[in-house]
Amino acid sequence: MSSATTDARSPHLLSALPALFLAIGLGAGLHAPSPPGLGITLALCSIAGIAAAVLHRKFPYAALTPLALALAGSGYYISADQLAAHRAALPGDDALDKAYHIRARALYHWETQYGTALKVDRIRILSPEDTGIQLDALTLYLPKLEAPPARYESVETWIRLKRRYDPRPFVKPARELMDRYRPRFYGTVKTVALMNFTPGPPPDDNGLSKGNRELQNVFLAGRPSYLWRERLAPFGLGHLLAISGLHCVFVMFAIRLAVFPLRRPLLRAFLVVAGLAAFAHWVGWSASVTRASIMLAAWQFLPAFNRHRSWVRVWASLAILLVLADPLMLLNRGFWYSFAASLGIILGLNYRSRGPLDHPWLVRCRTFLPILAAQLFVIPINLLFGHSTELTNLFWNLGGILVLAVMGLLLALNLAATAFPLLVGAANGAESLLAALIEHAANLPASMELVRLPYSMWVTAPVLLTLALILGLGKRELRWYAALLLITGLTLFNRPPDENRLVMLDVGQGLSLLYVTAQGNGYLFDAGGNVPPGTSFDHVLKLHGVDRLEAVFVTHLDLDHYGLMEHLPRDTPVYVARSALAVAAEDPVLRGFPLKALEPGATLNLEGPTIEVHWPPPNLDIPNDNESSLVMTLRGEGWSLLITGDAGLWMEGRLKLEPGDGLRMLQVGHHGSKSATGATFLNRYEPHLALISCGRNNRFGHPHPTVSKRLTDSGVRILDTPTHGSVVLIRNGRPTDEASLLKP
C-alpha cells in the first residue's frame, strides 16, 4: 500500500524537477557568472538526475540527467546574458550626483521628517539625452508638498541622482548580490519650483482614524501601510500589508460570493478572474499582486475545465515563468516568501484518508498542518534575507490569520462609514479596540528569537528542496518529525562565534569598535552611526557573539559616536572623559546609564586585554570638543590599538606616547578628516595598520585624499569600512588575515 501511495504522489512532486534544474542554472548565472560556476551547476544537476533515476528505477527518469544538464546550461546562459544587459543599463559611478531632467508616473507618497517622499515608475530621462540609463522605479525626496501629485499623474522634474548604501555590520550574501545587480537609487529635488505636475485632489476629511485610512489605502489604492505592518510585526505578518498579494485573496472570495448564484462554472471562473485582473490593475501590478493573481486565476480555471488541480505543477510553472522573465527575481525577498510559503501550504494539505497506522491526532490537526508547513519553509527564508526569526511565529500565525480576517470585516465597516457618516464613530472605535487587542497580544511573554548569521542562496535552496521532498514523499506523521528535525539541524549552523575577537563594525558615518571575550562578554568603544533597515544594534552585537554587554567607552559626545546606544540595556556602565561627565549626565540618550569618568593614567582590565587612558588631561584649555576626545590604547598580547575618536592635529602634537611592541593599529581620527592624522604623529607612533570608519560616498568626503596619501607614504596599510565593511581584526588573540602584515 505504501509503495502504491508513493508512486501516486511522487509524479506530482517530481513534475517540478525540470523547473528546478532550470532554476539552478538561472541561480548559478546570478551567483557566479563564469565557466567554473557553470561546471559546478552541471555537476550538481547530473547528481540530482542520477539520484532521481536510481530512486525510482523507471526508464523515463533516466532521461532526467541529460535533461537536467540541458536545462541547467540554458538557464545559466539566459541568466548571465540578462544580467550583463541589465548591468550595462545601470547608472555607473560617473553618472551619480549629476542633474537629470526626468518624466515619470507618480505612484504614492508619504511624509518624512525632512519632507515628502514620492515613489515613481515609468521613468524617462529627458536631459541629458542618450544616457543609456534605465531605471525601473525611483524614490524622490522633495521639500514638503501641501498637495502632492495624484496617483498615476505624470511628474516632470529636475533631480540629482544618488545611490543608496547600507552599512554592513555583518555579511548578508543576498544583500550583496542585490547591491551588485539591482542597486537602489534615489533622486533629490532641491525646490518644488523645479517640478511640473497636477496636484491631486485634497483627501476627504471623512473623520476616519489614521489606521482606518491606511487600511483602505492597502486594499483600494495599493499603498503600503507602515502602521499596520508595525502592529502585526509580532505575529510575523507585518510584511503582508506592505502591498502584499494577500488582499487579492480577500477580493477573490468577495467576487466568488457575489457570483455564487451562477450555475455555469466556466462563467463563474471568468468573472472571478476578470474581477481579479481589474483589481490588480487598479492597485498596480506589483510583484506580489502579479504572483497572487496568476495563482488564483489557475485555481479558478482548472476546475472549470474539469482539470485536476496539481498545485505542484502550477506552482513550478508560475515560479519558472517569473524567473525566466527576470532572473533577478531570485534576489527578491517577496518572491521567496510567496513561493516557499505557498509550497508549504500545498504539501501540508497533501493528506490522505486515515489509515490504521495513522496517529489519531493527525485528523484533528489537518487545519494546523498547512500553517506548520508554511512556517517551516519560511524559517530558512528569514535566515537568507535577514538574521533572525521568531520560532513562536508558528503559533502567532494561528491568531494572526484570525486578526487578518477581522481586518477584512473592519474594512467593510470602513467602506460603510464612508457612505454613511453615522458609522464613522463605530469604525474608529472598532479600529482602536483591534489595535489595543493586538498590542496586548504583542506584550505577552517574549517569544523565542533565533539570531543567526545570514545564509547564502546555495545553503537555503537545498534545505528547501530537501524539506519539500520530505513533506511530499514522506510517510504519515513521520514526515513531520523529519521536517522538524531538518529545520532544527539548520538552526545549529551559522551560530554567532564563540571566541575572543576585536571587530571594527561598519556603521556608516560613525564609529564603533567591539571587543568580545570567548565567554560572550562585550566591550564597545563608541556606538554611533547606523545599522541597515530592519536590523537592531542589539542584533548586531549578538551576531558577533555578545551575550552580555559589560561596558561602553564613549570617546566623544557627538551622536555619531553614541547614537546607537538608545536601545542598549540601561544597566551597562558607560565610561566618558571626566571633562564630559556633566554634559553626558544631561544627554537624553545617555540618561539612565551608570556613568563613570576616566582620566589619563587610568588602566582597566577587559578579561585579557587592558585599557590605558592617555587623553584628555584635566585643567587644560582645549580649543574644541573634537580635541577633547577620549584617547586610549587597547592592548593585547602582541598587538595594540590606539583609539582617538575625533581628536585631531592639536591633540596629536601634545600626546606623549611611545610605540609599543607587536602589531600597532591606529583608529584614524575624525573618520579620516584632514584635520587629523598628521605626518609628525605618524612618524612618532609608527602604526602598521590604519582603521577608518566612515560611510560610503559620504557627503564629508571622508577619508580625505590627503590623509590616505599620508598614510600610504608612511607605509601604513589602510582598512576602511566603505571598502571592506566590518573587519575582524583579532581572533583568538591573534591578528586575522585582514589585519596581518604578511598580506600587502
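List of remarks:
- Look at the Cα gyration tensor of segment 700-744: its axes a ≥ b ≥ c give a/c of at least 1.5 with a/b at or below b/c, and that counts as oblate.
- Subtracting the Cα-Cα distance of D661 and T112 from 0.36 nm times their residue separation leaves 192.5 nm of extension gain.
- Neighbourhood charge, 15 Å Cβ-Cβ cut-off, centred on A274 and excluding it, Lys, Arg +1 and Asp, Glu -1: +3
- Arranged from fewest to most other beta-carbon atoms within 10 Å of their beta carbon, T188, T677 become T188, T677.
- Annotation for segment 119-178: GluC sites (Glu not before Pro) lying in DSSP loop with at most 12 further Cβ atoms inside 10 Å of their Cβ are E129, E146.
- 3J(HN,Hα) couplings calculated from phi for segment 728-740 with the Karplus curve 6.51 cos²θ - 1.76 cosθ + 1.60 (θ = phi - 60°) are, in sequence order, 7, 9, 10, 9, 6, x, 10, x, 7, 4, 5, 9, 5 Hz; Gly and Pro show x.
- Pairs spanning more than 32 Å between alpha-carbon atoms, out of K98/K674; K190/K709; K190/K674; K98/K172: K190/K709.
- Taking 28 Å as the straight-line reach from the Cα of K475, the lysines in range (excluding those fewer than 8 positions away in the same chain) are K58.
- Near the amide H of S388, within less than 5 Å, lie the amide hydrogens of R452, all on another chain or at least 5 residues away, with H placed in the peptide plane.
- The H on the amide N of N332, modeled in the peptide plane, is under 5 Å from the matching H of no residue at least 5 residues off or on a different chain.
- Filtered chymotrypsin sites (Phe, Trp or Tyr not before Pro), segment 85-164: DSSP coil and at most 16 other beta carbons within 10 Å: Y114, Y152
- In segment 441-541, the chymotrypsin sites (Phe, Trp or Tyr not before Pro) that fall in loop regions by DSSP, at most 15 other Cβ within 10 Å: F493
- Neighbour counts of C-beta atoms inside 10 Å place D81, D558, D737 in the sequence D737, D81, D558, starting with the fewest.
- 3J(HN,Hα) along segment 701-707: x, 7, x, 5, x, 4, 5 Hz, from the Karplus curve 6.51 cos²θ - 1.76 cosθ + 1.60 with θ = phi - 60°, whole Hz, x for Gly and Pro.
- Look at D506, D621, D560 and count the other Cβ atoms within 10 Å of each Cβ; fewest to most, that gives D621, D560, D506.
- Distance in nm between pseudo-label sites at H86 and V171 (7 Å out along the Cβ direction from Cα): 2.3
- Annotation: amide H-H contacts under 5 Å for K596 (H modelled 1.01 Å from N, sequence separation of 5 or more, or interchain): V574, Y575, V576.
Just so you know, all these numbers are worked out from the coordinates, no wet-lab data involved. Everything quoted here is computed from the prediction, not taken from an experiment. Cβ sites come from the backbone with ideal geometry, for glycine too, and all protein chains shown count toward neighbours.
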